[in-house]
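The values are calculated or read from the model by the stated rules, or taken from the named source; none is laboratory data. Everything numeric here is computed off the predicted structure, so don't read it as measured data. With ideal geometry, Cβ positions are generated from the backbone for all residues, glycine too; neighbour counts draw on all protein chains shown.
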Amino acid sequence: MEKLRLEDQGRVITALCDGLGSGVKAHILSTLTSTIATHFAASESNLRRYAEIISQILPECSERNLGYSTFTISDIDSSGRNKLIEFDNPSAILIRNGRIERIKRRKVSVKYGKLGSREVFQSVIDMQRGDRLAICSDGVTESGRGEKGMQWGWEEENLAKFCAGICSENKGLSARQMAKNIVEAAIRNEGGKCSDDATALVINLRRPKKTLLVTGPPSQRKFDAYITDRLKNFLGTKIICGGTTAKIIADKLGRPLHTHPANIGEGLPPASEIEGVDLVTEGILTLSKLEDMLDTAGSGRAENTPAGALMELLLESDIITLIVGTKINQTHHNPDFPIDVEIRRNLARRLKRVLEKNYLKKVEIELV
């Protein structure tokens, strides 16, 4: 799966691909295809041309003498207009107001390498607020094949009904949670294991969710009231990372700061609690752990740690503001290595980079 944001054009392009076979070979094929597909879509190249180029570029499997990968490409702009291209993946599913909405598709024949002429489907969807578009690999629709009541697997019709059901039950269901629900259901169909790669991508049109994260005490005490007011009046998710920062804000708010008992084996200081704040954690250690998790496991299940809770909140957000204090922390300050502030700044910059590149978040950093 590949994601690309074209900020100046107000477009987000995503590609879900499934390479021939399984394991490393399939991963290479799907990764190559998704990278090529998103960049060709970004340049608005001719559909027939880039389908043919994909078939020519992909390395051939030594057993089948064939280079092949399915692909579904979504190109959505800021108005909600979504140009969809589908090749050999299960049909995309559009859920509107908790019901399955029919997608009008146009069939186009393209030359696809040794496979000859193949059908590609094009559609244009004017998505409305609240719509959810689910795109899956056949590892989802074919899950449970041969099991009782599922001779041919889960199948597209049953998947669509499942999607409509979970959207009706939870009108605030996020795209990320819906995709996880789909894959988890496919795994259940298989009795807790996957016989094929199962991938799901969900696009949800809604107002952006905002998060404010404050970490590190300000450079001067006169700014303590400023960061407290910013947090108090913020409309969205509120997070504090740092013990000293939490104490400053709790004192200014006149609210108690409660620290949770530490769980042995977590390897991180415990979370705390301030009334009106969604999450309070330790600072640099927790943020460093968060960076590692975003780099390696952000698409999977979050750890049951303060860093895991922090990751969940950030990945459910769209616009994230990091207020980074620039006061040197005397607890950690080493005269021979006086770069506490720079560590915090660089960590914030790295988090901004990974959140924007890998998760298409909009991140702003404010130094105080």
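So here's what we get for this one:
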| read-out | value |
| --- | --- |
| Residue that is modelled with the highest pLDDT [pool: residues in region 123-173 that are aromatic (Phe, Trp, Tyr) and part of a loop (DSSP other than H, G, I, E, B)] | TRP154 |
| When residues of region 327-368 are limited to those that are assigned to a loop (DSSP other than H, G, I, E, B) and either among the small types (Gly, Ala, Ser) or modelled with pLDDT of 90 or more (or both), the one surrounded by the fewest Cβ atoms within 10 Å (Cβ to Cβ) | LEU360 |
| Members of region 75-100 that are of a type in the set (Asp, Glu) and surrounded by fewer than 16 Cβ atoms within 10 Å (Cβ to Cβ) | ASP77 |
| Test for ALA179: is it exposed (fewer than 15 other Cβ atoms within 10 Å of the Cβ) and of a type outside the set (D, E, K, R) | no |
| Selection status of LEU268, free of Cβ contacts under 8 Å to residues at least 40 places away in the same chain, under 27 Å from the mean Cα position of the chain (by Cα) and assigned by the TED database to the domain that holds VAL363 | yes |
| Some residue of region 172-181 being more than 21 Å from ARG99 (Cα to Cα) and touching a Cys at 6+ places or on another chain (Cβ under 7 Å) | no |
| Residue within region 182-201 that is surrounded by fewer than 18 Cβ atoms within 10 Å (Cβ to Cβ) and in contact with a Leu (Cβ under 8 Å, 6 or more places away or on another chain) present | no |
| Pair list, Cβ under 6 Å, 6 or more apart: region 225-243 residue free of Cβ contacts under 8 Å to residues at least 40 places away in the same chain, other residue β-branched (Val, Ile, Thr) | THR228/ILE249 |
| Residue within region 220-235 that is at pLDDT below 95 and assigned to a loop (DSSP other than H, G, I, E, B) present | yes |
| Subset of region 96-105 (residues that are at negative phi and either free of Cβ contacts under 8 Å to residues at least 12 places away in the same chain or not aliphatic (A, V, I, L, M) (or both)) | ARG96, ARG99, GLU101, ARG102, LYS104, ARG105 |
| Counted residues, region 231-249 - those being within 25 Å of the chain's Cα centre (by Cα) and of a type in the set (Lys, Arg) | 1 |
| Selection from region 106-148 of residues that are farther than 19 Å from ILE13 by Cβ, in contact (Cβ under 8 Å) with a residue 60 or more places away in the chain and in contact with a Pro (Cβ under 9 Å, 6 or more places away or on another chain) | ASP138, VAL140 |
| Tally, over region 157-170, of residues that are touching a residue at least 60 places away in the same chain (Cβ under 8 Å) and surrounded by 16 or more Cβ atoms within 10 Å (Cβ to Cβ) | 5 |
| Complete set of residues in region 267-293 that are under 11 Å from LEU310 (Cβ atoms) and assigned to a strand (DSSP E or B) | LEU279, VAL280, THR281 |
| Condition met for LEU94 (hydrophobic (A, V, I, L, M, F, W, C), in a strand (DSSP E or B), modelled with pLDDT under 95 and closer than 14 Å to VAL202 by Cα) | no |
